[in-house]
Amino acid sequence: CMQTLTPTKRAPLLSNHVCSRLRGRTGFVLSSLMLLLALVADATQESTPNLGRHFAGMNHEHSSLEKQRLSTATSLPLLAAGKRDEADDGLKSILGNVKDFLLGGVAGAIASAAVFPIDLAKTRIQDQTIVAGEEVVYKNVLQTIGKVASEESVLGLYKGITPVLIGALPEGVLEIGTNDAVRKALAQRLGTSPSELPASAEVLAGSCAGFAQVVVTSPMERVKILQQVMGRKAASVSELVSQLGLRGMYQGSSACFLRDIPFAALYFSIYAQTRKSLQKLGGERNAAVDDLLAGLAAGVPAAAITTPFDVIKTRMQSCGVPEQGCAVTAPSIRGTAEELWREGGSRAFFKGISGRVGRIAPQMAICLAMFEALKTWTQL
């Protein structure tokens with residue numbers, strides 16, 4: 001019995017008293033059964049830790065998968081919310097640009113109407129052909145305004161304002177709106193605010209604004225100048241548009257580009273830099289006054305420097321009206337410049353400079369002051 005029931009590490013030896021009673025066949029079966037139970041118990045104890053580790057690993061893997069599932073479920077709404085925020089920001093930016101474009105158009109219409117008599121006087125002075133020995137009809141801005149008012153009535157001072165008012169909204173939209181939109185885009189690209197842009201960026205934004213506005217300015221200026229020059233004899237806007245056609249409406253557009261791109265580049269860059277300088281003075285400042293001062297400071301040099309191009313443009317766009325004496329049958333920049341030089345040398349290129357500066361400087365100052373005021377008002 002002692003030899004049959006060989007002890008193991010975990011199966012204790014049976015006592016001699018028990019072994020002595022296990023005799024015969026029955027005792028052998030019982031002793032074998034007890035040995036089998038002892039071996040099974042030993043195998044079970046050996047495998048239990050492995051099974052525990054196995055089930056523990058399964059539980060850990062399940063826990064990891066559950067955490068990953070919860071993390072994914074939590075992150076998806078956050079990603080969706082982020083996409084919605086980006087879309088909302090993009091929509092707000094688009095709507096903000098549209099609002100700026102519209103406000104620029106309204107401000108431009110108001111400013112153009114305020115100084116229109118000065119513009120008419122400037123056009124009459126630039127358009128007249130000066131012949132040696134003959135009296136000059138239009139001598140200066142004040143004399144011209146008085147002469148037109150007395151001979152053609154006060155309403156005659158506003159002859160040609162209809163195409164200006166029609167074109168003022170899209171012109172202001174394209175000029176001021178483009179300048180504002182390009183400044184914002186450049187500021188975002190340079191990682192700064194629009195108010196901190198360098199002078200070179202301001203010049204680029206202004207050039208883009210000048211280029212964009214010619215699309216509207218050129219045909220509007222063509223009709224306006226014809227009505228201003230012809231006075232009472234001028235046809236209506238619709239009749240002139242019908243007579244000129246699309247090609248005739250854009251006569252002189254090359255001179256418009258030559259004038260408006262450098263003007264806008266100079267004006268908007270000087271305006272921005274002047275406004276920065278005024279803000280650095282500190283103290284309680286009136287934003288509207290600063291806008292007016294900056295507009296005047298920018299308008300005077302920009303208008304004066306580009307006057308020769310404005311004279312060329314006026315002559316090119318007034319050709320076709322017999323009363324004004326244009327000698328160029330097929331107007332071009334070179335042909336018009338040669339004609340002006342024959343009339344009076346270099347001085348001929350600065351005809352009407354007082355009227356141009358006297359109109360442009362206050363017009364742009366009023367326009368930008370109104371634009372800033374409307375922006376502030378619409379944000380309330």
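Key figures for this structure:
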quantity	calculated
Some residue of the range 144-152 being in contact (Cβ under 8 Å) with a residue 40 or more places away in the chain, hydroxyl-bearing (Ser, Thr, Tyr) and more than 22 Å from GLU343 (Cα to Cα)	no
Test set (1) in a helix (DSSP H, G or I); (2) modelled with pLDDT of 90 or more; (3) not aliphatic (A, V, I, L, M) - GLY167 fails condition number	(2)
Residue pairs meeting the criteria (Cβ under 8 Å; at least 6 apart or on separate chains; first surrounded by 17 or more Cβ atoms within 10 Å (Cβ to Cβ), in the range 332-349; second of a type in the set (Lys, Arg))	THR336/ARG315; GLU339/ARG315; LEU340/ARG315
Failed criterion for ALA149 (all others in (1) of a type in the set (A, V, I, L, M); (2) modelled with pLDDT of 90 or more; (3) buried (at least 18 other Cβ atoms within 10 Å of the Cβ) hold)	(3)
Test for ALA337: is it part of a helix (DSSP H, G or I), in contact with a Phe, Trp or Tyr (Cβ under 7 Å, 6 or more places away or on another chain) and either at pLDDT 90 or above or small (Gly, Ala, Ser) (or both)	no
Hey, ILE176 open to solvent by 30 Å² or more (accessible area, probe 1.4 Å) and assigned to a helix (DSSP H, G or I) or not	no
One residue from LYS233, LYS224 being modelled with pLDDT of 90 or more and charged (D, E, K, R)	LYS224
Top-ranked residue in the range 179-214 [being among the hydroxyl-bearing types (Ser, Thr, Tyr), part of a helix (DSSP H, G or I) and at pLDDT 90 or above; ranked as least open to solvent (accessible area, probe 1.4 Å)]	SER207
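The values are calculated or read from the model by the stated rules, or taken from the named source; none is laboratory data. Predicted model, so just to flag it, every value in this text is computed and none were measured. We place every Cβ from the backbone using ideal geometry, glycine too, and count neighbours over all the protein chains shown. Note: areas computed on protein heavy atoms with side chains; ligands, DNA, RNA excluded. Shrake-Rupley method; radii C 1.70, N 1.55, O 1.52, S 1.80 Å.
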